[in-house]
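Below is one structure; the comments refer to it alone.
The values are calculated or read from the model by the stated rules, or taken from the named source; none is laboratory data. Predicted model only: the values in this text are computed from it and were never measured. Ideal geometry is used to build each Cβ from the backbone, glycine not excepted, and the neighbour counts take in all protein chains shown. Accessible surface areas use protein heavy atoms only, side chains included; no ligands, DNA or RNA. Shrake-Rupley method; radii C 1.70, N 1.55, O 1.52, S 1.80 Å.
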Amino acid sequence: MLRTGNPALKESTFLDIGSGTVVTRDGQAMTLNGTVHKTGLLLLLAVLTGAFAWNSAAPTAEGVSPSALIFLIGGLVGGLVFSLATIFKNNWAPVTAPLYALFEGLFLGAISAFMEFQYPGIVLQAVMLTMGTLFALLMAYRSGLIRATENFKLGVVAATGGIALIYLATIVLRLFGTDIPYIHESGVIGIGFSLFVVVVAALNLVLDFDFIEKGVDASAPKYMEWYAAFGLMLTLVWLYIEFLRLLAKLRD
């Protein structure tokens, strides 16, 4: 059984809908190198549009440019649309995954501009922590120091689901003008909660690595390289945003 807290990477992803068996094509199978290259390309696309949004909404002494709000909303909506399209039609991933990365870059560039204006230097710190966590966990996974056992997967998935419920409850409560106390504040409890979320988001990377490895072993279709890269990027985006939240609470 394949378990992952990532909504894009689930057990049925590598299965043929009609037969329920793994699809294999000689010479057109998913490879690890192909997935790594496509992940790098998606990150590059996000960085390019993120840099464009950042420069267009560069923080000044007066504040953040109004265009930042356009990039923030446009990137959020566009990223959501193309992420859902990729999840429900994974064979579209060679087209929809790059489009997702482009829109997500606009969103990340804009939100990073907002955060940088409030907390100078926070964006570089969050980027370095995200990339450092990615490579550290990748090395730990490849060396066998961390193993994605069934109990490990179950624990991470349960924790991820719990966090998702808390965030959903937060959205609903804020619609009624209230909020969950303490955990979204900058006190000890709030910082502890953000640290816990960061750890869970980071551990989801281990599950993603395991999922990609299973797909390669199963000789999944070639387009699944794009889909797996897209799923990994979802986790990285979540991890980056949570690092921003944690650092902001620590600054406060």
> Only one of (1) in a helix (DSSP H, G or I); (2) closer than 22 Å to Lys249 by Cα fails for Asp208. Which number is that?
Replying inline: (2)
> Which residue pairs have Cβ atoms under 6 Å apart, sit 6 or more places apart or on different chains, and have a first residue in region 114-142 that is in a helix (DSSP H, G or I) and a second that is open to solvent by 30 Å² or more (accessible area, probe 1.4 Å) and among the hydrophobic types (A, V, I, L, M, F, W, C)?
Replying inline: Phe114/Val64; Phe117/Val64; Ile122/Met115; Ala140/Ile146
>> Could you check region 92-113 and list, in sequence order, the residues that are open to solvent by 20 Å² or more (accessible area, probe 1.4 Å) and either more than 18 Å from Leu232 (Cα to Cα) or outside any helix (DSSP H, G or I) (or both)?
In response: Leu106, Ile111
> Could we say that Leu207 is closer than 27 Å to Gly144 by Cβ and either among the charged types (D, E, K, R) or within 16 Å of the chain's Cα centre (by Cα) (or both) here?
Replying inline: yes
> Given Phe176, Phe211, Phe152, which one is touching a Leu at 6+ places or on another chain (Cβ under 6 Å) and either of a type in the set (Gly, Ala, Ser) or over 24 Å from Ile111 (Cβ atoms) (or both)?
Replying inline: Phe211
> Among the residues of region 218-225, is there at least one that is touching a residue at least 40 places away in the same chain (Cβ under 8 Å) and aromatic (Phe, Trp, Tyr)?
Replying inline: yes
> What is the number of the single condition among (1) without any contact (Cβ under 8 Å) to a residue 60 or more places away in the chain; (2) open to solvent by less than 60 Å² (accessible area, probe 1.4 Å); (3) among the small types (Gly, Ala, Ser) that Gly215 does not meet?
Replying inline: (1)
>> Among the residues of region 41-67, what is the count of those that are open to solvent by less than 40 Å² (accessible area, probe 1.4 Å) and at pLDDT 85 or above?
In response: 6
> Is there any pair linking a residue in region 234-252 that is open to solvent by less than 20 Å² (accessible area, probe 1.4 Å) to one that is not in a helix (DSSP H, G or I), with Cβ under 6 Å and at least six apart or on different chains, and which?
Replying inline: Thr235/Asn6; Ala248/Tyr119; Lys249/Ser186
> If Asp208 satisfies every condition in (1) more than 19 Å from Gly155 (Cβ to Cβ); (2) among the charged types (D, E, K, R); (3) open to solvent by less than 10 Å² (accessible area, probe 1.4 Å) but one, which is the exception?
Replying inline: (1)
> Do we find that Leu168 is within 19 Å of Thr49 (Cα to Cα) and without any contact (Cβ under 8 Å) to a residue 12 or more places away in the chain in this structure?
Replying inline: no
>> I'd like to verify a number: residues in region 143-188 that are of a type in the set (S, T, N, Q) and open to solvent by less than 40 Å² (accessible area, probe 1.4 Å), how many?
In response: 2
